[in-house]
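Step one of this worksheet: look at the structure below.
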Amino acid sequence: MSEVQGPLVSADWLADRLGEPDLVVLDASWHMPADGRDAKAEFAQGHIPGAVFFDIDGVADHASGLPHMLPPPPDFATAARRLGISPETRVVVYDSLGVFSGPRVWWSFRAMGHNRVFVLDGGLPAWVRDGHPVESGWREPPHGDFKARPRPELVADLEQVRAAAERGGAQLVDARSAIRFRGEAPEPRPGLREGHMPRALNAPWASVVAADGTLGEPASLRAAFEAAGVDLAAPIITTCGSGITAALLALALARLGRPDVAVYDGSWAEWGARADTPVVTGP
């Protein structure tokens, strides 16, 4: 892949444009707490030249009590300006696993009204595999003048998901693994019930990622969603454990021509912790 493919760009495409004044590259690496990895330290050791680090847990609504929820638009705008981003900036997001946490930041910018945002297909592994260099250390970019213009239709809240679980309408598509979806494995965060929302469908995030860490090709993506029972022509809300891989499903659906999919920001971290939300187990 040498050109832009919908929401994706290739390593070669990015390498040809590094240093252009309207381009900002963001390292959005993030790891589950149990993995014992420090994304910031890994960034300092090696990243795409000129990239700046986007802290998913830091650029968040710290008053919500839920992990890495979208912050209020003024706070997101302040963070984006500090990263050197302006309204005309092309933003390319990547992560250190391939395609995993980068889509969360891709979705976040789109939810804040910035559409000139893309995901590096295959992330840092693809960059290195294609023979491109990395650099170490940190840099402080000149500030941009980003302005948030929220798109609420891309963000689903508890009541919208409750309505879909009770009455249908929008399809709830859960990116967690099948054993977590069925309630056969404990949740990685304490205090959460096991299972899934009524009416939810299960399309595990791993089913939309190829073995080399790139996003699946359109035919395989379509097959994965159809196997999960998803109607690609009907409204969709994606969900997961805490809003990370729900955005990965949204990226996959955007590649299939569905850029309008909403992400349930609270996801199971919110739904599974409450006493007033129904939970079912099994397929």
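The values are calculated or read from the model by the stated rules, or taken from the named source; none is laboratory data. Note that the structure is predicted; figures quoted are calculated from it, not measured. Note: ideal-geometry Cβ built from the backbone for every residue, glycine included; neighbour counts use all protein chains shown. Side chains included, ligands, DNA and RNA excluded: accessible areas come from the protein's heavy atoms. Shrake-Rupley method; radii C 1.70, N 1.55, O 1.52, S 1.80 Å.
Data for the structure
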item: Order by protection proxy (mean Cβ within 10 Å, highest first), peptides 51-60, 36-45, 14-23; result: 51-60, 36-45, 14-23
item: Computed over the range 16-142, Kirkwood Rh from alpha-carbon pairs, angstrom; result: 14.8
item: For the range 59-123: rounded, prolate or oblate by the Cα gyration tensor [a/c cutoff 1.5]; result: oblate
item: Nonlocal amide H pairs with Val209, under 5 Å, H built at 1.01 Å; result: Gly216
item: Of all DSSP beta bridges in the chain, antiparallel share, percent nearest 5; result: 15
item: Rounded accessible area per residue of the range 1-124, 1.4 Å, Å²; result: 36
item: Using alpha-carbon coordinates, inclination of helix 245-255 to the longest axis of the chain, degrees; result: 70
item: The range 60-108 versus the range 261-282: alpha-carbon centroid distance in Å; result: 22
item: The chain, relative contact order [Cα under 8 Å, separation at least 6], %; result: 20
item: Additional length obtainable on full extension of the chain from Leu158 to Gln45, 0.36 nm per residue less Cα span; result: 36.8 nm
item: Prolate/oblate/rounded label for the range 125-196 (Cα gyration tensor, a/c 1.5); result: oblate
item: Built amide H within the under 5 Å cut-off of Val119, gap 5+; result: Leu8, Val9, Val93
item: Calculated FRET efficiency for the pair Leu23/His62, C-beta based, R₀ 30 Å, to 0.05; result: 0.50
item: Rg and Dmax [Cα atoms of the range 237-280; Å; Rg one decimal, Dmax integer]; result: 11.7, 37
item: Residue-normalised accessible area of the range 164-203, expressed per residue, 1.4 Å probe, Å²; result: 45
item: The range 12-160, relative contact order in percent, only Cα pairs under 8 angstrom and at least six apart counted; result: 30
item: Whole-angstrom Cα spans of the range 128-242 along principal axes, big to small; result: 49, 36, 36
item: Translational D in µm²/s for the range 188-253 (Stokes-Einstein at 20 °C, 1.002 mPa s, Kirkwood Rh from C-alpha pairs); result: 167
item: Residue list for the range 219-245, given a label point 7 angstrom along the Cα-to-Cβ vector of Asp260 and an amide N cut-off under 13 Å; result: 232-237
item: Sites Ala219 and Gln5 - FRET efficiency at Förster radius 22 Å, r taken between beta-carbons, to 0.05; result: 0.95
item: Contour minus Cα-Cα distance for His143 and Asp75 (0.36 nm per residue); result: 23.0 nm
item: The range 98-161 shape via C-alpha gyration tensor axes, a/c threshold 1.5; result: oblate
item: Residue-span extension gain [Ala275 to Ser86] - 0.36 nm each, minus C-alpha spacing; result: 63.8 nm
item: Whole-Hz ³J(HN,Hα) from phi, Karplus 6.51 cos²θ - 1.76 cosθ + 1.60, for the range 10-21, glycine and proline x; result: 8, 4, 5, 4, 5, 4, 6, 10, 4, x, 5, x
item: Carbon plus sulfur fraction of accessible area for the range 15-125, probe 1.4 Å, in percent; result: 50
item: Separation in nanometres of the label points that stand 7 Å from Cα toward Cβ, at Leu232 and Ala178; result: 2.1
item: Relative intensity, log₁₀ I(q)/I(0), of the chain from a Debye sum that treats every alpha carbon as a point, q = 0.07, 0.09 Å⁻¹; result: -0.23, -0.39
